[in-house]
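Enquirer: Before we start, here is the structure in question, set down as structure tokens.
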Amino acid sequence: MAKLVRMSLGEVLLKENFVGEDDLQKAQRHQKQHGGSLADILIRLGFVTEEQLVIGLAKQLGIPHVKLSNYKIDPEVMETLPAELIRREKIVPLAKSGNSLTVATADPLNVLLIDSLRARTGYNIQTIVATPSEIEQVISNYFSARAEQNISTLIQQSTDEDTLTVVEGDESVNLDELLQEAEQAPIIRMVNMILSRGIRERASDIHLEPFEQKMQVRYRVDGILYSAINLPKRVQNAVVSRIKILSEMDIAERRLPQDGRFRVKVYNRDIDFRVSTIPTRFGEKVALRVLDKAQLMGLTIDRLGLEGDVLKKYQKAINQPYGMIILTGPTSSGKSTSLHAAIKALNTPDRNILTIEDPVEYEQEGINQVQVHEEIGLTFARALRAFLRQDPDIIMLGEMRDLETTDIGIKAALTGHLLFTTLHTNDAVGATTRLLNMGIEPFLIAGSLIFVGAQRLMRRVCRECAESYQPSADLIKEFSIEKEPEDVVFYRAKGCNICNNTGYRGRMAVMEALEVDDDIKDLLIKRASEIEIKKVALEKGMVTLRENTLAKVIKGESTLEEMGRVVGVSSSYA
């Protein structure tokens, strides 16, 4: 009987079209020269994704692959193996059946590990494959959640051991006492728990808010704030001081606002925290902005969530040789993320790209990024002037805040540079009026502006718990839905463990895209009103913000309730 020959990993990846033959050969040559596993080399060189590699390994070995986010981890099964071993070997015990233990691993070829687990547990070890990042995240989530269950113990510990005195009014501050309180082990663990939970729940902001009888911790997840923890009043000053120490702030100064930042390493990635404190009636309020740099690594312009026609217009605009591209919208509407995704697409060795930001939220290799420091005179305008002497091809200006900065930026766009920037207006056409109101001449706006996008972020309905339903006729009418209701499957948010009982998980961009063509330029030169410009833009195919959000609802990606939250139900967006 002929012996069955197993395909190599490279052959499997090639067969599945996960990797090209040229890239596979490059990786194999790299392996011969430098050693290491082919799987690690393929990922490091960016030739395959973690998920593609896992699928390839599973097909090669004839074993299942699994998405761990779909599993509910059983504490009893997890306790089969010591926590130290789980963390060190990056394995997740998933199920016990009879004399078999099923574990998820990213390295199913590690025979020594499997033999060691068999000897330690007495079980036959069955392996399934999962991505390394998923395994690490599940392990961290599990043990972080276990640690959170002990928060009441931490608070109790701080009752007897930690006598924390609240300083009020003009009472003197004892710096040594504050430092001692902030460095006590229960306080450190409490702050670590607050931060790790925020990271785990994908929070963009963490708020620590002092009230008369407690300190409240709230997380902003997918744009919505929700209460998570109430800390006793007695630990308030110590917790705030601990965060101030991390952020290199003056812990003795409680009467003035302060700003700082610090970085932590978690899930094998760096996460920055931008910290702001303000004095309130019952103590200092702390707001932490969570800046996860890994978010941009896998973010490409086609993964922002934009509708097809809007995406084409945006891609067409960013590939112009010069001109000004403006994204508008309120704070935290994803403008910077969309601009960075565009810059990432344009980041090639033959382009000199410079950015001036406040602050630098996403760090990109190969791009020269400058952070505003107004206290020393490094303003947007001053940096922009310097940029023009640095032989730039592409410039990103974090925000057009004043006439001077706007004037320099527009002149840069008129002299052969591609300029990306942001404004705060409600819709795309409103950006042109805003520029006029700032004092910019109409012919300069018409000569430089090539694209305006008015953006919002819309929450995605959770796929695990979304339920279909038929809206009432009144609701259909209120949202001006023209399609026949029976032709559309509508979903509503329900809530489950996966989405933290919110009914939503993740966000996508929706954008109203205004292409500034010759007809729009003529209207700008004539100082036409917003209504006139918008009428012509709609005639030429501009899809409004409202219509873009409705398209997401009709596709089943979000809900009517979320559409109402983003753009309202009035006709002002139509």
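Enquirer: What residue, of LYS494, LYS535, is part of a helix (DSSP H, G or I) and out of contact with any His (no Cβ under 7 Å at 6 or more places or on another chain)? Write out each step before concluding.
Expert: Details: LYS494 fails: part of a helix (DSSP H, G or I).
The match here is LYS535.
Enquirer: In addition: What are the pairs, 6+ residues apart or on separate chains, where a residue within segment 520-549 that is over 22 Å from SER448 (Cα atoms) has its Cβ under 6 Å from a residue that is open to solvent by 10 Å² or more (accessible area, probe 1.4 Å) and not in a helix (DSSP H, G or I)?
Expert: Going by the 6 Å Cβ cut-off, the qualifying pairs are ARG546/ALA574; ASN548/GLU307.
Enquirer: Tell me, which residue of segment 390-419 that is part of a loop (DSSP other than H, G, I, E, B) and open to solvent by 30 Å² or more (accessible area, probe 1.4 Å) is modelled with the lowest pLDDT? Step through it out loud before you land on a result.
Expert: Of segment 390-419, the ones part of a loop (DSSP other than H, G, I, E, B) are 390-393, 398-402, 415-417.
With the extra rule that they be open to solvent by 30 Å² or more (accessible area, probe 1.4 Å), the set shrinks to 390-391, 393, 399, 401-402, 415-416.
Values: GLN390: 94, ASP391: 93, ASP393: 95, GLU399: 90, ARG401: 85, ASP402: 89, THR415: 91, GLY416: 91.
Among those that are part of a loop (DSSP other than H, G, I, E, B) and open to solvent by 30 Å² or more (accessible area, probe 1.4 Å), it is ARG401.
Enquirer: What tally of residues in segment 504-518 results from selecting those that are under 13 Å from LEU327 (Cα atoms) and of a type in the set (Val, Ile, Thr)? Show your work before the answer.
Expert: Of all residues in segment 504-518, those under 13 Å from LEU327 (Cα atoms) come to 509-515.
Retained after the next criterion (residues that are of a type in the set (Val, Ile, Thr)): 510.
Total meeting the criteria: 1.
Enquirer: Then there is this: Go through segment 219-259 and report how many residues are free of Cβ contacts under 8 Å to residues at least 12 places away in the same chain, closer than 21 Å to SER204 by Cα and assigned to a loop (DSSP other than H, G, I, E, B). Spell out how you get there, then give the answer.
Expert: Step one: filter segment 219-259 for residues free of Cβ contacts under 8 Å to residues at least 12 places away in the same chain, giving 227, 250, 253.
Keeping just the survivors that are closer than 21 Å to SER204 by Cα gives 227.
Narrowing further to those that are assigned to a loop (DSSP other than H, G, I, E, B): none.
Of the residues in that region, 0 qualify.
Enquirer: Residue under question is ALA381, and the condition is that it be touching a helix residue (DSSP H, G or I) at 6+ places or on another chain (Cβ under 7 Å), surrounded by fewer than 17 Cβ atoms within 10 Å (Cβ to Cβ) and within 24 Å of ALA431 (Cβ to Cβ); does it hold? Show your work before the answer.
Expert: Working: touching a helix residue (DSSP H, G or I) at 6+ places or on another chain (Cβ under 7 Å): yes; surrounded by fewer than 17 Cβ atoms within 10 Å (Cβ to Cβ): no; within 24 Å of ALA431 (Cβ to Cβ): yes.
Here the answer is no, as ALA381 does not meet what is asked.
Enquirer: Let me ask another. If I ask for residues that are surrounded by 19 or more Cβ atoms within 10 Å (Cβ to Cβ) and in a strand (DSSP E or B), which ones from segment 459-481 would you list?
Expert: Scanning segment 459-481 gives ARG459, ARG460, VAL461.
Enquirer: Out of all the residues in segment 508-532, which are assigned to a strand (DSSP E or B) and surrounded by fewer than 23 Cβ atoms within 10 Å (Cβ to Cβ)? Walk me through it before giving the result.
Expert: Of segment 508-532, the ones assigned to a strand (DSSP E or B) are 508-515.
Those that are assigned to a strand (DSSP E or B) and surrounded by fewer than 23 Cβ atoms within 10 Å (Cβ to Cβ): MET508, GLU515.
Enquirer: While we're looking at this one, here's another question. Looking only at segment 1-47, count how many residues are modelled with pLDDT under 80, open to solvent by 40 Å² or more (accessible area, probe 1.4 Å) and small (Gly, Ala, Ser).
Expert: Number of matching residues: 4.
Enquirer: Please work out which one of (1) of a type outside the set (S, T, N, Q); (2) farther than 30 Å from ASN548 by Cβ; (3) in contact with a Phe, Trp or Tyr (Cβ under 6 Å, 6 or more places away or on another chain) is the condition MET396 fails and give its number.
Expert: So the condition that MET396 fails would be (2).
Enquirer: Also: So which residues in segment 50-74 are more than 20 Å from MET7 (Cβ to Cβ) and in a loop (DSSP other than H, G, I, E, B), if there are any at all?
Expert: VAL66, LYS67, TYR71, LYS72, ILE73, ASP74
Enquirer: Mind counting the residues in segment 443-458 that are open to solvent by less than 10 Å² (accessible area, probe 1.4 Å) and either farther than 22 Å from LEU311 by Cα or within 30 Å of the chain's Cα centre (by Cα) (or both)?
Expert: Pass one, segment 443-458, residues open to solvent by less than 10 Å² (accessible area, probe 1.4 Å): 445-446, 448-449, 451-455, 458.
From the residues that got through so far, the ones that are either farther than 22 Å from LEU311 by Cα or within 30 Å of the chain's Cα centre (by Cα) (or both) too are 445-446, 449, 451-455, 458.
Here the count works out to 9.
Enquirer: For THR348, indicate whether it is in contact (Cβ under 8 Å) with a residue 12 or more places away in the chain and among the β-branched types (Val, Ile, Thr).
Expert: On the way: in contact (Cβ under 8 Å) with a residue 12 or more places away in the chain: no; among the β-branched types (Val, Ile, Thr): yes.
Against the criterion (in contact (Cβ under 8 Å) with a residue 12 or more places away in the chain and among the β-branched types (Val, Ile, Thr)), THR348 does not qualify.
Enquirer: For segment 75-162, give me every one of the strands (runs of 3 or more DSSP E) that falls completely inside it and has 3 or more residues that are at pLDDT 80 or above, touching a Pro at 6+ places or on another chain (Cβ under 9 Å) and open to solvent by less than 60 Å² (accessible area, probe 1.4 Å). Give the steps one after another, and end with the answer.
Expert: On the way: elements: 91-97, 100-105, 124-129.
Counting at least 3 such residues, we get 100-105, 124-129.
Enquirer: Looking only at segment 34-73, how many residues end up being on the phi > 0 side of the Ramachandran plot and under 24 Å from the mean Cα position of the chain (by Cα)? Full working, then the answer.
Expert: In the first step, residues of segment 34-73 are kept if they are on the phi > 0 side of the Ramachandran plot; the result is 35-36, 46, 62.
With the extra rule that they be under 24 Å from the mean Cα position of the chain (by Cα), the set shrinks to 46.
Summing the residues that are on the phi > 0 side of the Ramachandran plot and under 24 Å from the mean Cα position of the chain (by Cα) in segment 34-73 gives 1.
Enquirer: Do we have LEU388 as touching a Gly at 6+ places or on another chain (Cβ under 8 Å) and either under 20 Å from LEU435 (Cβ atoms) or among the acidic types (Asp, Glu) (or both) here? If you could, list the steps in order and put the result at the bottom.
Expert: Working: touching a Gly at 6+ places or on another chain (Cβ under 8 Å): no; either under 20 Å from LEU435 (Cβ atoms) or among the acidic types (Asp, Glu) (or both): yes.
For LEU388, the condition - touching a Gly at 6+ places or on another chain (Cβ under 8 Å) and either under 20 Å from LEU435 (Cβ atoms) or among the acidic types (Asp, Glu) (or both) - is not met.
Enquirer: Just give me the residues in segment 262-280 being free of Cβ contacts under 8 Å to residues at least 60 places away in the same chain and either open to solvent by 30 Å² or more (accessible area, probe 1.4 Å) or of a type in the set (S, T, N, Q) (or both), in sequence order.
Expert: Selection gives ARG263, LYS265, ARG269, ASP270, SER276, THR277, ILE278, PRO279.
Enquirer: Just wondering, is there one or more residues in segment 351-359 that are more than 30 Å from ILE194 (Cβ to Cβ), buried (at least 20 other Cβ atoms within 10 Å of the Cβ) and in contact with a Pro (Cβ under 8 Å, 6 or more places away or on another chain)?
Expert: Yes, because at least one residue in segment 351-359 is more than 30 Å from ILE194 (Cβ to Cβ), buried (at least 20 other Cβ atoms within 10 Å of the Cβ) and in contact with a Pro (Cβ under 8 Å, 6 or more places away or on another chain).
Enquirer: Something else about it: List pairs: first residue in segment 69-87 and within 19 Å of ALA119 (Cβ to Cβ), second residue hydroxyl-bearing (Ser, Thr, Tyr) and open to solvent by less than 40 Å² (accessible area, probe 1.4 Å) anywhere in the structure, Cβ distance under 8 angstrom, at least six positions apart or on different chains.
Expert: Pairs found: THR80/THR121; LEU81/THR121.
Enquirer: Evaluate the following for LEU288: is it surrounded by 16 or more Cβ atoms within 10 Å (Cβ to Cβ) and outside any loop (DSSP other than H, G, I, E, B)?
Expert: On the way: surrounded by 16 or more Cβ atoms within 10 Å (Cβ to Cβ): yes; outside any loop (DSSP other than H, G, I, E, B): yes.
It is true that LEU288 is surrounded by 16 or more Cβ atoms within 10 Å (Cβ to Cβ) and outside any loop (DSSP other than H, G, I, E, B).
Enquirer: Something else now. Taking segment 345-357, which residues are touching a helix residue (DSSP H, G or I) at 6+ places or on another chain (Cβ under 7 Å) and either closer than 18 Å to GLY305 by Cβ or part of a strand (DSSP E or B) (or both)? Let's see the steps before the verdict.
Expert: Narrowing segment 345-357 to residues touching a helix residue (DSSP H, G or I) at 6+ places or on another chain (Cβ under 7 Å): 345-346, 353-354, 356.
Correct list: ALA345, ILE353, LEU354, ILE356.
Enquirer: Which number in (1) within 18 Å of GLY409 (Cα to Cα); (2) under 18 Å from the mean Cα position of the chain (by Cα) marks the one condition that LYS293 misses?
Expert: (1)
The values are calculated or read from the model by the stated rules, or taken from the named source; none is laboratory data. Remember, predicted model here, so these are calculated numbers, not experimental data. FYI the Cβ positions are ideal-geometry reconstructions off the backbone, even for glycines, and counts take in every protein chain you see. Each accessible area value is taken on the protein alone, full model and side chains, heavy atoms only, with ligands, DNA and RNA left out. Shrake-Rupley method; radii C 1.70, N 1.55, O 1.52, S 1.80 Å.
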